[in-house]
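Take a look at the structure set out below.
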Amino acid sequence: MAAPTGAGAAGEAPPAPGSFAVPSALLLTLLADARLPSGGHTQSGGLEPALRAGLRAGDVADYARARLRTVTAVEAGTAVVARAVAAAGEDLAAVDAAWAARTPSPALRANARRLGRGQLRVARTLWPAALGRPDPLSQPAARAWPRPVVLGVLAHRAGLDAWDLGRLVGYDDVQTVVAALLKLEPADPLETTGMVVDLLPEIDALAARVSHLRHPVEIPAGGAPLMERWAQTHAATTERLFSA
């Protein structure tokens, strides 16, 4: 990753007003942060309905691990393939269709598409230069793309490699679950941070699993029927802290 540029960099002019003096790959990681108003802060990674269904707080690490091997692998694979397809200038609709076929829960599909629209809005507002010309995200169909497809296109624009993109998706998912746990159950933040650290090898394994993918047909198809059922139930629940 290149060093940030700015007014103090030797031999370089200060950035233009309104521009970001940070590396584009770093900016992508900031855009993926759930604290931005892209909708990520509304997510528990399915943890809220899982806890309601009887999952114990002590089993959350195993829950996050199961996600990395199933639903998160689908999302990471989709993002990596979207990155490759965007780089080749090919049709991203095929990636969208492959993702949808591997996400059988209507609630999860609808949620991912809402997050995709939020991510797109954040990118266009904070980082319009990333979309470039031609802008594949300016297509009318882009408003219906799920978050992993949008992230894949942004990763291509940012110059983020496939390995790091896979890690970003995996790490974001684990952090989403852990952050939700702190709001849903009393816990020591140091213990939950330790949980994330313990799962880093699993996140790297996910990145290794998906980093070579290039075509929609290669996206993993590992399902998690119980998580999908919980998501459907949660979508119809009126009293909830998280949307999913």
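Laboratory data are not the source of any read-out in this text; all were calculated from the coordinates shown. As the structure is a prediction and not an experimental result, all values here were calculated from the model. Cβ: placed from backbone, ideal geometry, glycine included. Neighbour counts: every protein chain shown.
Couplings 3J(HN,Hα) for segment 110-119, derived from phi with the Karplus relation 6.51 cos²θ - 1.76 cosθ + 1.60 (θ = phi - 60°), are 5, 5, 5, 6, 4, 5, x, 5, x, 5 Hz, where x marks Gly and Pro.
Sorting 52-63, 200-211 by their mean Cβ neighbour count within 10 Å, with the most densely packed peptide first, gives 200-211, 52-63. Sorting 108-118, 86-96, 160-170 by average packing, meaning the other beta carbons within 10 Å per residue, from highest down gives 160-170, 108-118, 86-96. Derived scalar couplings between HN and Hα for segment 95-101 equal 5, 4, 5, 5, 4, 4, 5 Hz in order, rounded to whole Hz, by the Karplus curve 6.51 cos²θ - 1.76 cosθ + 1.60 (θ = phi - 60°), x for Gly and Pro. Here the simple spin-label model places points 7 Å from the Cα toward Cβ, and for residue 193 and residue 57 these points are separated by 1.8 nm.
Couplings 3J(HN,Hα) for segment 158-166, derived from phi with the Karplus relation 6.51 cos²θ - 1.76 cosθ + 1.60 (θ = phi - 60°), are 7, x, 6, 6, 5, 4, 5, 5, x Hz, where x marks Gly and Pro.
Spin-label pair residue 238-residue 101: with each label point 7 Å from Cα along the Cα-Cβ axis, the two points sit 4.0 nm from one another.
For segment 167-244, the residue among 230, 196, 175 whose Cα projects farthest onto the positive side of the dipole built from Cβ charges is 230.
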